[in-house]
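Colleague: Take this structure, written in structure tokens, and hold onto it; I'll ask about it next.
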Amino acid sequence: MGNGIAHVMSLAGYDVLLNDVSEETLNAAIATIDRNLERQVSRDKITAEAKADAMARIKTTGALPDLGQSDLVIEAATERETVKQAIFEDLLPHLKPNTILTSNTSSISITRLASRTDRPEKFMGFHFMNPVPVMQLVELIRGIATDSETFAACKAVVDKLGKTAATAEDFPAFIVNRILMPMINEAVYTLYEGVGSVSSIDSSLKLGANHPMGPLELADFIGLDTCLAIMNVLHDGLADTKYRPCPLLTKYVEAGWLGRKSQRGFYDYRGETPVPTR
């Protein structure tokens with residue numbers, strides 16, 4: 001998600017400083033951005049000059065304090081609240097007074113994250129969809145303390161990116177994942193209960209509901225650990241048994257079968273073509 005956000009921000013004319021704890025990850029991110037921009041050039045979506053300008057606007061750093069002079073910080077770490085809190089706590093002493101803090105979280109309470117900072121009024125959710133360069137929606141989520149100036153500034157950024165903002169209230173999983181993840185979880189239950197195979201479930205939703213990807217294929221693309229984390233947030237935050245994560249989803253995550261990023265999930269990606277694992 002981080003490299004996708006850097007991609008669209010730099011292409012829109014913003015200077016970007018990309019941070020990660022791993023230099024290898026940063027190098028891989030730059031390579032991915034370069035490759036994806038080149039794909040846009042080849043399809044006449046952007047010019048070669050626009051690509052060169054965008055790449056020149058992106059810098060990388062392994063030192064979190066280097067982000068301190070930024071006007072806007074978009075945190076896009078793994079979907080674990082403790083990790084996100086630690087990042088913001090380490091960053092706070094280095095920030096300018098007017099820096100806006102945002103999180104790309106797909107489910108975690110913005111109000112709770114904001115309360116751990118020194119600027120809850122300048123904190124909000126900035127949730128991009130994956131893959132960021134392709135997907136047109138950005139969810140903007142206000143915490144209980146988020147002021148109107150912060151919202152307006154973030155809305156202006158979304159507009160400059162050429163994307164569409166959807167305003168969501170700060171309830172577990174917001175809008176997209178509040179609807180999407182229970183559907184994916186139900187697809188896993190359908191597999192768990194033997195109602196259909198991986199192939200039949202995905203084919204049914206693609207051909208019967210006109211979805212571009214089947215729910216299990218989509219889960220692999222998102223990451224099964226992320227799907228499980230969001231279902232747990234929904235289950236814990238709304239206290240409703242309809243959000244109980246399917247045991248099979250939990251089992252896959254325990255096995256380290258997280259989807260595309262680990263080469264195995266509901267499909268095995270180690271060969272030339274994905275093969276269902278059940």
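Colleague: Quick one: would you say Thr105 is assigned by TED's automatic domain parsing to the domain that holds Ala156, farther than 21 Å from Val157 by Cβ and hydroxyl-bearing (Ser, Thr, Tyr)? Full working, then the answer.
Modeller: Working: assigned by TED's automatic domain parsing to the domain that holds Ala156: yes; farther than 21 Å from Val157 by Cβ: no; hydroxyl-bearing (Ser, Thr, Tyr): yes.
The answer is no for Thr105.
Colleague: Does Asp66 satisfy the condition of being out of contact with any Lys or Arg (no Cβ under 7 Å at 6 or more places or on another chain), at pLDDT 95 or above and either among the acidic types (Asp, Glu) or not assigned by TED's automatic domain parsing to the domain that holds Val134 (or both)? I'd like the intermediate steps shown before the answer.
Modeller: Values: out of contact with any Lys or Arg (no Cβ under 7 Å at 6 or more places or on another chain): yes; at pLDDT 95 or above: yes; either among the acidic types (Asp, Glu) or not assigned by TED's automatic domain parsing to the domain that holds Val134 (or both): yes.
The answer is yes for Asp66.
Colleague: Let me ask something else about it. Restricting the search to segment 53-71, which residues are touching a helix residue (DSSP H, G or I) at 6+ places or on another chain (Cβ under 7 Å) and either surrounded by fewer than 13 Cβ atoms within 10 Å (Cβ to Cβ) or outside any loop (DSSP other than H, G, I, E, B) (or both)? Before you say what the answer is, go through the steps one by one.
Modeller: The first filter runs over segment 53-71 and keeps only residues touching a helix residue (DSSP H, G or I) at 6+ places or on another chain (Cβ under 7 Å), leaving 54-55, 57-58, 60, 62, 64-65, 67-68.
Listed by number, the residues that qualify are Ala54, Met55, Ile58, Thr60, Gly62, Leu64, Pro65, Leu67, Gly68.
Colleague: A further question on this structure: Quick one: would you say Leu218 is outside any loop (DSSP other than H, G, I, E, B) and either over 28 Å from Glu169 (Cβ atoms) or in contact (Cβ under 8 Å) with a residue 60 or more places away in the chain (or both)?
Modeller: Details: outside any loop (DSSP other than H, G, I, E, B): yes; either over 28 Å from Glu169 (Cβ atoms) or in contact (Cβ under 8 Å) with a residue 60 or more places away in the chain (or both): no.
So Leu218 does not fit the description; no.
Colleague: If you don't mind, another one. Given (1) aliphatic (A, V, I, L, M); (2) farther than 25 Å from Ala219 by Cβ; (3) in a helix (DSSP H, G or I), where does Ala28 come up short, assuming only one miss?
Modeller: (2)
Colleague: Does Thr111 satisfy the criteria of being over 18 Å from the mean Cα position of the chain (by Cα), in a helix (DSSP H, G or I) and of a type in the set (S, T, N, Q)?
Modeller: Working: over 18 Å from the mean Cα position of the chain (by Cα): yes; in a helix (DSSP H, G or I): yes; of a type in the set (S, T, N, Q): yes.
Yes: the conditions hold for Thr111.
Colleague: Within segment 1-16, how many residues turn out to be assigned to a loop (DSSP other than H, G, I, E, B) and over 12 Å from Val157 (Cα atoms)?
Modeller: Applying the first criterion (assigned to a loop (DSSP other than H, G, I, E, B)) to segment 1-16 yields 1, 12-15.
Adding the requirement that they be over 12 Å from Val157 (Cα atoms) leaves 1, 15.
Going through segment 1-16 one residue at a time, the tally reaches 2.
Colleague: Of the numbered conditions (1) closer than 29 Å to Ile110 by Cβ; (2) aliphatic (A, V, I, L, M); (3) in a helix (DSSP H, G or I), Leu207 fails exactly one; give the number of that condition.
Modeller: With (1) closer than 29 Å to Ile110 by Cβ; (2) aliphatic (A, V, I, L, M); (3) in a helix (DSSP H, G or I) applied to Leu207, the lone miss is (1).
To keep it simple, each residue is scored yes or no on (1) among the polar types (S, T, N, Q); (2) touching a residue at least 60 places away in the same chain (Cβ under 8 Å); (3) surrounded by 14 or more Cβ atoms within 10 Å (Cβ to Cβ); (4) in contact with a Phe, Trp or Tyr (Cβ under 7 Å, 6 or more places away or on another chain).
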site: Arg119; (1), (2), (3), (4): no, no, yes, no
site: Met124; (1), (2), (3), (4): no, no, yes, yes
site: Val132; (1), (2), (3), (4): no, yes, yes, no
site: Leu137; (1), (2), (3), (4): no, no, yes, no
site: Arg142; (1), (2), (3), (4): no, no, yes, yes
site: Asp147; (1), (2), (3), (4): no, no, yes, no
site: Thr150; (1), (2), (3), (4): yes, no, yes, no
site: Phe171; (1), (2), (3), (4): no, yes, yes, no
site: Ile184; (1), (2), (3), (4): no, no, yes, no
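Colleague: Which of the following residues is within 15 Å of Gly62 (Cβ to Cβ), at pLDDT 95 or above and in the same structural domain as Leu64 (by TED's automatic domain parsing): Ala12, Ala29?
Modeller: On the way: Ala12 fails: within 15 Å of Gly62 (Cβ to Cβ).
The unique qualifying residue is Ala29.
Colleague: Going by the conditions given, is Ile222 loosely packed, with under 15 Cβ neighbours inside 10 Å, within 30 Å of Met124 (Cβ to Cβ) and not polar (S, T, N, Q)? Show your work before the answer.
Modeller: Working: loosely packed, with under 15 Cβ neighbours inside 10 Å: no; within 30 Å of Met124 (Cβ to Cβ): yes; not polar (S, T, N, Q): yes.
For Ile222, the condition - loosely packed, with under 15 Cβ neighbours inside 10 Å, within 30 Å of Met124 (Cβ to Cβ) and not polar (S, T, N, Q) - is not met.
Colleague: From the list Ala29, Ala12, Ala48, pick out the single residue that is in contact with a helix residue (DSSP H, G or I) (Cβ under 7 Å, 6 or more places away or on another chain), surrounded by 13 or more Cβ atoms within 10 Å (Cβ to Cβ) and closer than 21 Å to Gly162 by Cβ.
Modeller: On the way: Ala29 fails: closer than 21 Å to Gly162 by Cβ; Ala48 fails: surrounded by 13 or more Cβ atoms within 10 Å (Cβ to Cβ).
So the residue among Ala29, Ala12, Ala48 that is in contact with a helix residue (DSSP H, G or I) (Cβ under 7 Å, 6 or more places away or on another chain), surrounded by 13 or more Cβ atoms within 10 Å (Cβ to Cβ) and closer than 21 Å to Gly162 by Cβ is Ala12.
Colleague: Taking segment 147-195 only, how many residues are in a loop (DSSP other than H, G, I, E, B), aromatic (Phe, Trp, Tyr) and over 18 Å from the mean Cα position of the chain (by Cα)?
Modeller: Residues of segment 147-195 that are in a loop (DSSP other than H, G, I, E, B), as a first pass: 147, 162-163, 169-175, 193-195.
With aromatic (Phe, Trp, Tyr) added as a condition, the list becomes 171, 174.
Right, trim to over 18 Å from the mean Cα position of the chain (by Cα) and you get none.
Of the residues in segment 147-195, 0 are in a loop (DSSP other than H, G, I, E, B), aromatic (Phe, Trp, Tyr) and over 18 Å from the mean Cα position of the chain (by Cα).
The values are calculated or read from the model by the stated rules, or taken from the named source; none is laboratory data. Here the structure is a predicted model, which means the values were calculated and not measured. Every residue, glycine among them, receives a Cβ derived from its backbone with ideal geometry; neighbour counts consider all protein chains shown.
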